[in-house]
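The block underneath contains the structure these notes are about, expressed in structure tokens.
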Amino acid sequence: MFIECLQRELAVCHHAEIGAFLAADPGRWQVISIREPDHPEAVLTHARKAHAVVIEDVFTPEGTQGHGPKPAHLQGILRFVAQSGREPLVFQCWAGRSRSTAVALAVIVKMLGDQGIDGPELVRRAADSLLAIRPLAIPNRLVLRLGLEEFLPHPLGQTLSKALVEEERIRRNFVD
């Protein structure tokens with residue numbers, strides 16, 4: 001889906017749908033692929049370019065097996081996003097609801113912030129954009145916070161991540 005205010009096409013997929021999604025338009029999409037250590041790699045043969053990360057969907061950096069999200073994971077992802085320019089970008093994780101939507105939301109916030117949008121308008125527009133591409137998004141709070149802390153001054157990343165997951169429409173997804 002093309003997000004007009006972002007001037008970039010963004011999508012979110014789960015593990016079972018990414019192969020067909022990419023095959024529908026081979027060589028078009030840049031992919032951020034996130035998987036857990038015990039899950040198989042996604043089929044990304046039709047991706048233009050891909051950046052793969054292995055992190056558990058947990059809320060501590062240690063995770064259950066020491067594979068929780070860490071700042072270095074988000075640094076690599078954001079570097080890949082920056083290098084991909086304005087090419088179409090798809091975020092993929094096992095369920096397509098938590099880690100991938102958290103990373104997508106951090107990228108959306110960065111793009112809106114670069115346009116000078118902030119405060120309540122930033123929260124509203126970021127939520128609008130995320131829910132347009134993944135209506136059932138339940139962003140992983142730690143992944144989101146770590147992503148925002150990569151480009152926002154302390155403690156703004158933590159404050160904004162809390163405001164985003166507490167945004168009414170996103171919050172509803174956590175209990176549905």
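Translational diffusion coefficient of the chain (Stokes-Einstein, Kirkwood radius from Cα pairs, 37 °C, 0.692 mPa s): 207 µm²/s. Of the residues Val81, Phe59, Ala137, the one whose Cα sits farthest toward the positive end of the charge dipole of the chain, with +1 on the Cβ of Lys and Arg and -1 on the Cβ of Asp and Glu, is Val81.
Springs between alpha-carbon pairs under 10 angstrom, Gaussian network model over the chain: which of Ser161, Ser129, Ser84 fluctuates most? Largest GNM mean-square fluctuation: Ser84.
If the only charges are +1 at each Lys and Arg Cβ and -1 at each Asp and Glu Cβ, what is the size of the charge dipole of region 14-106 around the Cα centre, to the nearest 20 debye? Don't jump to the answer; show the numbers that get you there.
Numbers: 9 positive and 9 negative charges, 84 e Å.
Using Cβ point charges on Lys, Arg, Asp and Glu, region 14-106 gives about 400 debye.
Between Val53 and Ser33, Ile34, Arg35, the built amide H atoms are under 5 Å apart, and every one of these is 5 or more places off in sequence or on another chain.
Mind putting a number on the dipole of the chain about its Cα centre? Charges go on the C-beta only, +1 for Lys and Arg and -1 for Asp and Glu, and I need it in Debye to the nearest 20.
On the way: 20 positive and 21 negative charges, 34 e Å.
Its charge dipole is roughly 160 debye.
Roughly how many percent of the accessible protein surface of region 1-117 is carbon and sulfur, given a 1.4 Å probe and a whole-percent answer? List each step's numbers first, then the result.
On the way: 2850 of 5360 Å².
On region 1-117, the fraction of accessible area on carbon and sulfur atoms equals 53 percent.
Residues of region 110-176: accessible area per residue at 1.4 Å, in Å²?
Working: 3490 Å² over 67 residues.
Each residue of region 110-176 exposes 52 Å² on average to a 1.4 Å probe.
Contact order, relative form, for the chain: 23 percent (alpha carbon pairs under 8 Å, 6 or more residues apart, mean separation divided by residue count).
Take 139-151, 26-38, 114-126 and order them by the average number of nearby Cβ atoms within 10 Å per residue, most first; the result is 139-151, 26-38, 114-126.
Just tell me, in residue order, which DSSP H segments of the chain are both 27 angstrom or longer along the helix axis (alpha-carbon based) and at least 1.6 in mean Kyte-Doolittle hydropathy. Long hydrophobic helices here: none detected.
The charge dipole of region 12-57, taken about the Cα centre with unit charges on the Cβ atoms of Lys, Arg (+1) and Asp, Glu (-1), comes to about 380 debye, rounded to the nearest 20. Distance between the 7 Å Cα→Cβ label points at Arg28 and Val175: 3.9 nm.
Normalized C-alpha radius of gyration of region 12-100, against 2.2 N^0.38 Å? Please list the in-between numbers first.
Details: Rg = 12.8 Å, N = 89, 2.2 N^0.38 = 12.1 Å.
Normalised by 2.2 N^0.38 Å, the Cα Rg of region 12-100 equals 1.05.
Sorting the segments 131-138, 86-93 by their residues' average number of neighbouring beta-carbon atoms within 10 angstrom, most packed first, yields 86-93, 131-138.
The values are calculated or read from the model by the stated rules, or taken from the named source; none is laboratory data. Owing to the predicted nature of the structure, the values given are computational and were not obtained by experimental measurement. Ideal geometry is used to build each Cβ from the backbone, glycine not excepted, and the neighbour counts take in all protein chains shown. Surface accessibility is based on the protein's heavy atoms, side chains included, excluding ligands, DNA and RNA. Shrake-Rupley method; radii C 1.70, N 1.55, O 1.52, S 1.80 Å.
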